[in-house]
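This report concerns only the one structure given below.
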Amino acid sequence: MVQNDFDHSLGLWLSYMGSESVKVVVRCRPLNDREKALSCKMVLSMDLQRCQCFIEKPGAVDEPPKQFTFDGTYYIDQATEQMYNEIAYPLVEGVTEGYNGTIFAYGQTGSGKSFTMQGVSEPATQKGVIPRAFEHIFESIQCAENTKFLVRASYLEIYNEEIRDLLGSDTKQRLELKEHPEHGVYVRDLSMHTVHSVGECERIIEKGWRNRAVGYTLMNKDSSRSHSIFTIHLESCSTGELIRSLPSLYLFSLC
Ligand SMILES: Nc1ncnc2c1ncn2[C@@H]1O[C@H](COP(=O)(O)OP(=O)(O)OP(=O)(O)O)[C@@H](O)[C@H]1O
């Protein structure tokens, strides 16, 4: 991907054990007020059926547009609801069925990562991937018969190469990355929070969101200046069985 050509678009990487293990989709946001005031023109167009993006070089009328193909393409008038149903839904469903899943948003400042992952409450179609994933998981576990689930969440940020717990008692404390011989890489002392409902999930993510490092960039006045990782951990216990640790859902927003 040529970064400068994708100023107003973000990539969403999805990794799960489906027909393909990694999928990459791209979303283009509308021009913002600042870009409109500067009379900026859209240089990106899409063929949604073929999942292709075309980027024109302004002023170079004779030059053919650059062309890129993805697993999915979402243009300015397509809502997060559609993206979630087509792309994230199968991944989250896979987590409740026993596969690890990761969704991460990547793009330059102001490209729409937070808008896609966190979302807005109005209109409802633009509710983000993270709150939709909560609802999806709680709906799935409520339908499971004879099985009890424990849902826990953690939320960290990586800022200037330092890891911080956005839900910890001291959000300024630097945490260490460790490797366990069986369970792999983990963050020591990262706090885990048991959640019983979608409402509780929303409250803890809001708390963590307020603790992030934010700043102003020319492209985005509310820019998150860090990478953040929200993880939902599941454990289950069927009647007469031991507690079973299920795979986790990792939700990243990279700056
Ligand atoms: N698809 C969209 N439709 C309408 N507005 C959008 C869309 N995507 C992003 N925006 C708006 O663009 C602005 C920047 O988006 P956002 O804060 O999500 O960017 P970001 O990639 O998270 O930036 P940063 O890395 O600086 O935190 C916000 O005002 C947001 O509401």
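Worth pointing out:
- Above-threshold pairs, the threshold being 23 Å between Cα atoms, out of LYS23/LYS172; LYS41/LYS113; LYS127/LYS207; LYS23/LYS207: LYS23/LYS172; LYS23/LYS207
- Note on SER21 and GLN173: their simple-model spin labels are 3.6 nm apart, each label 7 Å out from Cα toward Cβ.
- Cβ-derived FRET efficiency at R0 45 Å, CYS237 paired with THR109, nearest 0.05: 0.55
- Rounded to 0.05, the FRET efficiency of the VAL185 and GLU97 pair, given R0 = 25 Å and the Cβ-Cβ distance, is 0.55.
- Label-zone membership for the stretch 115-146, site SER197, 7 angstrom Cα→C-beta point, backbone N under 14 Å: 135, 138-139
- Ranked packing of 76-86, 183-193, most packed first, by mean Cβ within 10 Å: 76-86, 183-193
None of the figures in this text is laboratory data; all of them are computed from the coordinates on show. Remember, it's a predicted structure, so these values are computed and weren't measured experimentally. So basically every Cβ, Gly included, is an ideal-geometry build from the backbone, and we count neighbours across all protein chains shown.
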